[in-house]
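In what follows, a single structure is set out as structure tokens and then discussed.
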Amino acid sequence: MGFIWFWLVAAMIAAYVVLDGFDLGVGVLHLFLVRNEAERRASLASIGPVWDGNEVWLLAGGGTLYFAFPLLYASAFSGFYLPLMIVLWLLVLRGVSVELRNHLDVGVWRTLLDGVFGLASALLTIFYGAALANVLRGVPLQADGYFFLPLWTDWKPGPMPGVLDWYTVIGGLVALAALTLHGALWLTLKTSGALEQRARKIVTPLWFIVVSLTFVSLFATIAVRPANLDNYFHYPVTLIVPAGVLASLAAIWLWNRGAQPLKAFLASCVYLFFMLAGACWGVYPVLLPATTGSANDITLTRALSGPHTLAVGLMWWLFGMALAVGYVVFVYSRFKGKAGASAPSH
């Protein structure tokens, strides 16, 4: 049951990154790719029907984490209190800016809100990547399961690190580049005209950045926590995960050059999925490693809820996920096709 719930939570987090990742990327591109008000409206119209629904997966993942692994939830949400508050405010600012710009027909306010939307989106991608890097690196867990992380210390991974150090900054840059690429591929799929052409052209430099940072992050992870490779050595068949990362990167390149935007976008989804699956498999069965010694690790068996709770919860989870997946399929099928500047924003 613990194995099942571990991968259910991982799948929900992956669903959030894949679905909300492209509209975060569109937000980053909103800072420099769009040239005029018509293109800004087209960019926002491409995510308008789905962006807030995509964020539901973040709430669902957090709720499932609380239900299945209460010790992990309690430890992580107390130790990461400061960055979580920053993420919460960035989510608020991003949502407010998207909504208000459609109600204020004043140029200076729209420019300000567009800037807030783009900056909040960029910072969210960085903080999400840094958060994953913190989990891979480990945190200074104490024997009682709690810890505290300042925003930064000496910028070096060690027994008492901060939220930000050179390793977690690499993680943030990987997320920023990968989700910006994801957003560019979405714009090539959902927009037309000059904006579509610029989005397709920017995919190539972004692709090179993502490939470079992917390899840098791999070697950095090996240097910071070599134990993340243990599962791959014990179960060589799981090397299909890094092979999937490489294959999906190659597919993005080939299909974008071949002007096949849907296939290129789906390849980007596969890349994000394999990157997250690889990270999860690297730490399994540890949920949150401790830099203070493996005895303080929060493991699967230590954090798991009771068997009756998990069995009953699984039935409700299946019901809830059936509704959620049905809703996603309906919304994306209802709003398929290109988005234009004259399309409704909501």
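Below is a table of values for the structure above.
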| item | result |
| --- | --- |
| Cα centroid of the stretch 155-224 to Cα centroid of the stretch 49-67, whole Å | 22 |
| Helix runs (DSSP H) in the chain reaching 24 Å along axis by Cα, Kyte-Doolittle at least -0.5 | 2-29, 81-100, 107-137, 166-190, 193-224, 240-257, 261-283, 307-334 |
| With 5 Å bins from 0: P(r) over the stretch 87-139, alpha-carbon pairs, percent | 4, 21, 23, 17, 13, 8, 6, 4, 3, 1 |
| Solvent-free Debye scattering, log10 I(q)/I(0), computed from the Cα coordinates of the stretch 31-93 at q = 0.12, 0.16, 0.22 Å⁻¹ | -0.49, -0.72, -0.97 |
| Trp109/Leu82 FRET efficiency (R0 22 Å; Cβ-Cβ; nearest 0.05) | 0.15 |
| Diffusion constant of the stretch 57-108 at 20 °C, which comes from Stokes-Einstein with the Kirkwood Cα-pair radius and 1.002 mPa s, µm²/s | 162 |
| Size of charge dipole - the stretch 21-172 - debye, nearest 20, with Cβ of Lys, Arg +1 and Asp, Glu -1, no other charges | 180 |
| Three semi-axes of the equivalent ellipsoid, the stretch 58-210, Cα gyration tensor, whole Å, largest first | 33, 20, 15 |
| Semi-axes of the equivalent ellipsoid for the stretch 1-128, Cα gyration tensor, largest first, Å | 32, 15, 11 |
| Spacing of the two label points (7 Å from each Cα toward its C-beta) at Asp230 and Trp281, in nm | 1.7 |
| Equivalent-ellipsoid semi-axes of the stretch 179-302, from the Cα gyration tensor, Å, largest first | 35, 14, 13 |
| Of Ala122, Ser97, Phe208, farthest towards positive along the dipole that unit charges on Lys, Arg, Asp, Glu beta carbons give the chain | Phe208 |
| Per-residue HN-Hα couplings for the stretch 147-154 [Karplus 6.51, -1.76, 1.60; θ = phi - 60°; Hz; x = Gly/Pro] | 7, 9, 10, x, 5, 7, 10, 9 |
| The stretch 154-239: Cα Rg divided by the 2.2 N^0.38 Å rule of thumb | 1.43 |
| Label of the coordinate-derived value, Cα extents along the principal axes in Å, listed as (i) 58, 39, 39; (ii) 68, 48, 41; (iii) 57, 47, 42 | (i) |
| Tail fraction, Cα-Cα pairs, the stretch 130-189, threshold 18 Å, whole percent | 44 |
| Reciprocal mean inverse distance between Cα atoms of the stretch 231-346 - Kirkwood radius, Å | 18.4 |
| Gln197 paired with Ala324, simple spin-label distance in nm, labels 7 Å along Cα-to-beta-carbon | 4.1 |
| 5 angstrom amide H check on Leu287, placed H, neighbours 5+ away | Ile298, Thr299, Leu300 |
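Computed from the coordinates by the stated procedures, all read-outs in this text should not be read as laboratory data. Note that the structure is predicted; figures quoted are calculated from it, not measured. Glycine also receives a Cβ, built like all others from the backbone with ideal geometry; neighbour counts cover every protein chain displayed.
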